[in-house]
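The values are calculated or read from the model by the stated rules, or taken from the named source; none is laboratory data. Keep in mind that what you see is a predicted model, and the values were worked out from it rather than measured. Please note: Cβ atoms are built from the backbone with ideal geometry, for glycine as well, and neighbour counts cover all protein chains shown.
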Amino acid sequence: MAKKHIIIIGAGAAGIFAAANLAADPQLQVTVLEKTSKILSKVKVSGGGRCNVTNSCKEPRQLLKFYPRSHKKLIPAFAQFGTADTVRWFEERGVRLKTEDDGRIFPQSDDSQTIIDCLLAACAKNGVSILPRMGVEQIIKGEKGFILTTTSGQYLACDQLLIATGGANKPEAYSWLENLGHSIVSPVPSLFTFNLKDKAITELAGISVSEVSLKIAGTKLEQKGPILITHWGLSGPVVLRLSAWGARVLHEKNYNYTILVNWLSELKEPEARSALEAYKNKHPKQKIISNPLFSLPKRLWEFLCKKAGMAENTLWNNYSAKSYNRLINMLVADEYPASGKTTFKEEFVTCGGIPLSEVDLQTMESRCCPGIYFAGEILDIDGITGGFNFQAAWTTGWLAAQAMAKALEAD
Ligand SMILES: Cc1cc2nc3c(=O)[nH]c(=O)nc-3n(C[C@H](O)[C@H](O)[C@H](O)COP(=O)(O)OP(=O)(O)OC[C@H]3O[C@@H](n4cnc5c(N)ncnc54)[C@H](O)[C@@H]3O)c2cc1C
């Protein structure tokens, strides 16, 4: 019997995980083609070099909440291979994992190389060939199977194909797939930080507040969580989360919008006002600027007081009503016009890609072109930070591997 050949395009998390799950079989040849010289390059830099491999959230319905465009259709996929399966998979192969307080799971070594070594060892055990500098340019559907043309001018034949080429923010990057009959959900970036027009607050770069509420004016977008002031604007978990939920809306606004910061998180204007009144009545002779309230960092409190028009020596018993009201307003709805975004060093991902309606989510097989499978970020799945993007890559890579092996068996 002739050997069957599976080609996987893309040596990222999804492609390599699929290869690692295609059991060694003398009748099966598995080849991974990678256009760059680097294998698992994003895994290497992920999680600040520590690789946030998955999350402790186990229940598929709960897990969906971390995927902003969460399609309920993904529930069966996560039920078949979810976060607990990821943990088991790595632990069975000798990787010791740890869960941090916020639910993120990392290798105990705090080194992404541990994950890379494990994945590559599993591929080697299965006899997988991984070929770097082999970009695929075109896929031609044959009578049985596929012919691929590569950037180096080679032709490669295979019986089944897994496309795991990751995300890309330019629609042109997907045109070779449209030739296969697929449509593309227009790709836009997700998980970025906000650049501010007015740079005054960036003087406070490095200052963080443990919980603020952020809104995008004129939309329903709102998130709560820790914020970090940077040299270019605003960052931190709450910003990344808001950018993920707002990926499409913010793109439509060409990244020009107004951010409303409630520095007091849950507190509304009347509650903030009564807290200030109570403090004022107790400490009428104190300087307002010198005594931060609501546990805000001193420099941020000073900044807000000055922005509200308070002088250095303004006391709680001699402020102007105008600046007092401005301060209260600023504490609960401070406005920052944003202009542009920054993805540098962040865990940016692509929102958009192959529509889930064009893929059988039990098997990851294309509904447009049978014999072709998809896994990872090329699909229209994107999560917030916390290990959810890798989980999507592991889940879809695993499902594709099982289905491809089964289909070849039946052939
Ligand atoms: C800096 C950074 C840190 C991150 N940290 C985390 C984290 O800690 N936890 C988490 O869950 N997520 C994280 N992510 C997101 C996560 O890395 C991705 O969601 C995940 O890598 C997607 O896997 P993938 O295999 O689908 O795509 P990729 O990892 O992008 O791999 C796709 C591969 O396909 C190759 N390729 C593309 N086109 C072709 C072609 N035509 N021919 C051949 N090869 C091709 C590419 O070169 C690439 O190697 C991070 C992302 C970034 C950018």
All but one of (1) assigned to a loop (DSSP other than H, G, I, E, B); (2) touching a residue at least 12 places away in the same chain (Cβ under 8 Å) hold for residue 370; state the number of the condition that does not hold. (2)
Sort out which residues of the stretch 99-148 are free of Cβ contacts under 8 Å to residues at least 12 places away in the same chain and within 20 Å of the chain's Cα centre (by Cα), and write them in order of number. 100, 101
Of the criteria (1) farther than 20 Å from residue 7 by Cα; (2) within 12 Å of the ligand (Cβ to nearest atom), which one residue 135 fails: (1)
Any residue that is more than 12 Å from the ligand (Cβ to nearest atom), modelled with pLDDT of 95 or more and closer than 21 Å to residue 238 by Cα - is there at least one of those in the stretch 80-92? no
Condition first: assigned to a helix (DSSP H, G or I), in contact with a Phe, Trp or Tyr (Cβ under 8 Å, 6 or more places away or on another chain) and aromatic (Phe, Trp, Tyr). Can you find one or more residues in the stretch 77-85 that meet it? no
Residue that is within 12 Å of the ligand (Cβ to nearest atom), part of a loop (DSSP other than H, G, I, E, B) and not charged (D, E, K, R), where the choices are 353, 383: 383
Filter the stretch 155-173 for residues that are within 12 Å of the ligand (Cβ to nearest atom) and over 23 Å from residue 393 (Cα atoms) and give the result. 156
So which helices (runs of 4 or more DSSP H) are wholly in the stretch 1-70 and hold at least 2 residues that are more than 10 Å from the ligand (Cβ to nearest atom) and within 14 Å of residue 404 (Cβ to Cβ)? 13-20
For residues that are within 16 Å of the ligand (Cβ to nearest atom) and of a type in the set (A, V, I, L, M), scanning just the stretch 391-403, find the one that is surrounded by the fewest Cβ atoms within 10 Å (Cβ to Cβ). 399
Test for residue 341: is it at pLDDT below 95, part of a strand (DSSP E or B) and either hydroxyl-bearing (Ser, Thr, Tyr) or closer than 30 Å to residue 381 by Cα (or both): yes
Of the criteria (1) in contact with a His (Cβ under 9 Å, 6 or more places away or on another chain); (2) under 21 Å from residue 67 (Cα atoms); (3) surrounded by fewer than 24 Cβ atoms within 10 Å (Cβ to Cβ), which one residue 348 fails: (1)
Scope the stretch 312-338; condition part of a strand (DSSP E or B) and closer than 25 Å to residue 257 by Cβ; matching residues: 334, 335, 336, 337, 338
Considering only the stretch 133-152, I want to know if a residue exists there that is out of contact with any Cys (no Cβ under 8 Å at 6 or more places or on another chain), part of a strand (DSSP E or B), among the charged types (D, E, K, R) and surrounded by fewer than 19 Cβ atoms within 10 Å (Cβ to Cβ). yes
Taking the stretch 159-197 and keeping only residues that are of a type in the set (Phe, Trp, Tyr) and surrounded by 17 or more Cβ atoms within 10 Å (Cβ to Cβ), one is left with 174, 192, 194
Per the filter on the stretch 391-411, residues in contact with a Lys or Arg (Cβ under 9 Å, 6 or more places away or on another chain) and assigned to a helix (DSSP H, G or I) are 408
